[in-house]
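Report on the following structure.
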Amino acid sequence: MNAVARPSAQPAISARGLTRRFGKLLAVDHVDLDIPRAQIYGFLGPNGSGKSTTIRMLCGLLRPTSGECLVLGHPVPAAAELLRHKVGYMTQRFSLWEDLTVAENLDFLARIFGLSRQQRTERIRQRLDEYRLADRVAQRAGTLSGGQKQRLALAAATLHEPELLLLDEPTSAVDPQSRRDFWESLFQLVSRGTTILVSTHYMDEAERCHGLAILDRGKLVAEGPPRRLMDEIDAIVLEIEAGDIRRARHALDGQTFVRSVAQLGTRLHALLEPGLADAEARVTALLKQANVDARIERVRASLEDVFVAATGFNSDRATPGASADADGR
Amino acid sequence: MFARILAIATKEVRQLRRDRLTFGMIVGIPLIQMLLFGYAINFDVRGLSAGVVDEARTSLSRALVADLAATGILRIDGYSSSVDELRRRMRTGEIAIGIYIPADFERRRLDGDRPVAQLLVDGSEPIVESIARGFTAMPLAARPGIYSPRRSVLEVRTEYNPERRTAVQIVPALIGVILSMTMMMFTAVAIVRERERGNLELLITTPASSFELMAGKLIPYVFIGLIQTTLVLALGAALFHVPLNGNLGALYAAASLFIAATLALGLLASTIAQTQMQAFQMSFFLLLPSILLSGFVFPFDGMPPVAQWIAQLLPLTHFIDLVRGIVLRGATLMELRVPAEKLLVFLAVVFLAVTLRFHKRLD
């Protein structure tokens, strides 16, 4: 049951200098990966950071421009066909057949994966129960809700009991409750020994991963367990509560030691240069100068702070979905 | 392997059954084409409108006009005062043929060497021109004093279609044209549709091989093609009394071969096209030369060598050879070995190209 305590000699995925170019665009730039087995490993990054391209290279859909990559001990893309039976892949977009019913979709994929008749009936029944689709068997996949589609896609991707599951932004079109359920299912799979690589742009999802890689413009800019990343952030994090929040912000903007400022309701969240002496005092002085009443507090970094720090403090660039509730319609 | 092909074929059939429009096309296209081609295409042209300029105005000149009208090919549509006016009427499209009887008609008649009258023919329409030329050879009813019946050197005996009905010539070949139209469209969109809907990315990460995927997509449509073949044959027999002189089994064998070849060609288009629109355009691009060069309308032997080479590359050419041979001339497949083998080679080459071109990758 204990997933983390089952380290295998061989990592599920190991990549060295994985690179992919599309013409002039460098989509993935010398990425090194070592993903242990029976863990959930996350790719966090904004759109266009190379998450999908990396996942597609790992399952043999795209050939790397350069670099080497072993998936479950087999070289990719050379052994891609062999890995089809061991790897499950869930595409970003719903890719089952919308004009087939739930049962027909699962039956088709079970046949394609070469399951025997008995295995087919057993597995399909099992998956339908597990992913709460039993009452939808005769419904066309196209008429399912976002969450149901997601569960169906996961059921389909796990029909052949893959050792490694690659999930490309699986929850991007799903409501928060369905996302929570979905992650519960992932942890169940991991407890049975499956390795899961999941890409996301949700901070709360990234925080749930055992290990995390932050990608930015094709480069791997930070890597490690989320907790460690937050503890070892390369910045000072301050939270500022002020009466006139706009003026406070204005006072901080343009200061060289202030790397990034973001507003959270009535507070400001500021990342300052690491190792800055008397950070609180300097900010207090600045605000006083601007005639703003403020309370300043040094806080623990959130994963979003890690993300902002890792991607180079580019406050003008779109950061991924700030947090779960910011997104929860 | 067969289990996977069967799984893919089953999936295709299920999807097809739910796609009402495509399903309608399977029956609708043969039906409509059959009625259109069968009734509208008619090389035994009748009732071409003709204008007359009679400068002679004798009883004999009037008799000549009456004789021409009596053939049924012409329908006299008014008299004009001059050739210029005839030309003008032709330019407006009012008449297709002008009959000009000159003032010296009686003298020409007596001379016997010179033609007595002139036909002005609208050369912009291909069939009209050749019909009108037929008049010069047409034995008009003997009328002493005007012209004597000439003796033909040769006598024509039309085998396999003694009544010289166009429908008999058209309908069997129409099977090929209809199959070309529908089959190519079905498969041309087969892969592109899955790519557009996002299914392809999933499909190529399964263990199904390119060959299995392509074969699974092709096989269901072979049966649909055979249904269409049956439909056209039955309609041809019921509406136009087109006979089936050869062996039905041989016909189905030839049709299966042709259907598979056309489907493979559609799949090839599908592996090249990025969108369904492009796939459609590509299949259309191939359809027109198929109809024009295959011998469906114009005799193959009459085409210049380059056109004949191109035609050799079109599966429809060989199928029309086969289908006319089997349905009308009652030939056996052994006797039609040559076109059958060419189709087989075509199918093998194209299917190989499809399997090689279809990569299980996105780049």
I want to make sure I understand the PRE zone here: with the label point 7 angstrom from the Cα of B:VAL306 toward its beta carbon, which residues in region B:278-295 have backbone N atoms less than 19 Å away? B:286, B:288-295
Measure of size requested: the Rg and Dmax of region B:41-121, with Cα atoms as the atom set and Å as the unit; please supply both. 12.9, 42
Using Cβ counts within 10 Å as a stand-in for footprinting exposure, how do A:LYS149, A:LYS86 rank, fewest first? A:LYS86, A:LYS149
Nearest 0.05, what FRET efficiency do A:LYS288 and A:GLN10 give at R0 = 60 Å with Cβ-Cβ as r? 0.55
Determine the shape class of region A:102-251: with a ≥ b ≥ c the square roots of the Cα gyration tensor eigenvalues, call it rounded for a/c under 1.5, and otherwise prolate if a/b is greater than b/c, oblate otherwise. prolate
Fluctuation leader among A:LEU33, A:LEU100, A:LEU229 - chain A, Gaussian network, Cα springs under 10 angstrom: A:LEU100
Find which of A:CYS69, A:PRO36, A:LEU58 sits farthest along the positive direction of the dipole of region A:17-71, computed with +1 on the beta-carbon of Lys and Arg, -1 on that of Asp and Glu, about the Cα centre. A:LEU58
Comparing A:ALA213, A:ALA27, A:ALA242, which has the greatest mean-square fluctuation in the GNM of chain A with Cα pairs linked when under 10 Å apart? A:ALA242
Just from its helices, what would the mean residue ellipticity at 222 nm be for chain B, if runs of 4 or more DSSP H residues each count -39500 (n - 2.57) and the sum is divided by every residue, rounded to the nearest 500 deg cm²/dmol? -20500 deg cm²/dmol
Once you sort the root eigenvalues of the Cα gyration tensor of region A:4-97 as a ≥ b ≥ c, which label holds: rounded (a/c under 1.5), prolate (a/b larger than b/c) or oblate (the other case)? rounded
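So, R0 is 51 Å and r is the distance between the beta-carbons of B:LEU356 and B:ARG62; what FRET efficiency does that work out to, to 0.05?
0.10
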Pick out, from B:VAL345, A:VAL137, A:THR195, the residue whose Cα sits farthest towards the positive end of the charge dipole of the protein assembly as shown, with +1 on the Cβ of Lys and Arg and -1 on the Cβ of Asp and Glu. B:VAL345
Dipole magnitude of region A:48-141, debye to nearest 20 (Cβ charges: Lys/Arg +1, Asp/Glu -1, about Cα centre): 60
If the only charges are +1 at each Lys and Arg Cβ and -1 at each Asp and Glu Cβ, what is the size of the charge dipole of the protein assembly as shown around the Cα centre, to the nearest 20 debye? 1320
Between 0 and 90°, nearest 10: helix A:102-112 axis offset from chain A longest Cα axis: 70
Taking the 0 to 90 degree range and rounding to the nearest ten, how far is the long axis of helix A:146-157 tilted relative to the main principal axis of chain A, both from C-alpha atoms? 50
Which value, in debye to the nearest 20, describes the size of the charge dipole of region A:215-267 about its Cα centre when Lys and Arg Cβ atoms bear +1, Asp and Glu Cβ atoms bear -1, and nothing else is charged? 180
For A:PHE22 and B:ARG91, what does the FRET efficiency come to when R0 = 56 Å and r is the distance between their Cβ atoms, rounded to the nearest 0.05? 0.40
Counting only helical runs of four or more DSSP H residues, what would the 222 nm mean residue ellipticity of chain A come to if each run contributes -39,500 (n - 2.57) and the total is spread over all its residues? -9000 deg cm²/dmol
Short version: what are the Cα gyration tensor semi-axes of the protein assembly as shown, square root of 5 times each eigenvalue, largest first, in whole Å? 77, 32, 20
May I ask you to sort A:PHE182, B:PHE135 by Cβ crowding, counting other Cβ atoms within 10 Å and putting the fewest first? B:PHE135, A:PHE182
With at most 10 other Cβ atoms within 10 Å, longest stretch of chain B clear of loop GluC sites (Glu not before Pro) (DSSP): B:164-363
Taking a ≥ b ≥ c as the square roots of the Cα gyration tensor eigenvalues, with a/c under 1.5 meaning rounded and otherwise prolate when a/b beats b/c or oblate if not, region A:51-120 comes out oblate
Taking Cα atoms, the helix B:2-18 axis meets the longest principal axis of chain B at an angle in degrees (rounded to 10) of 60
Dipole of the protein assembly as shown [Lys/Arg +1, Asp/Glu -1 at C-beta], most positive-end residue of B:PRO115, B:ALA264, B:LEU226: B:PRO115
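Taken together, the values in this text are just the output of simple stated rules run on the coordinates, not laboratory data. Since this is a predicted model, take the numbers as computed values, not measurements. Because the Cβ atoms are built from the backbone with ideal geometry, glycine has one as well, and the counts that use them run over all protein chains shown.
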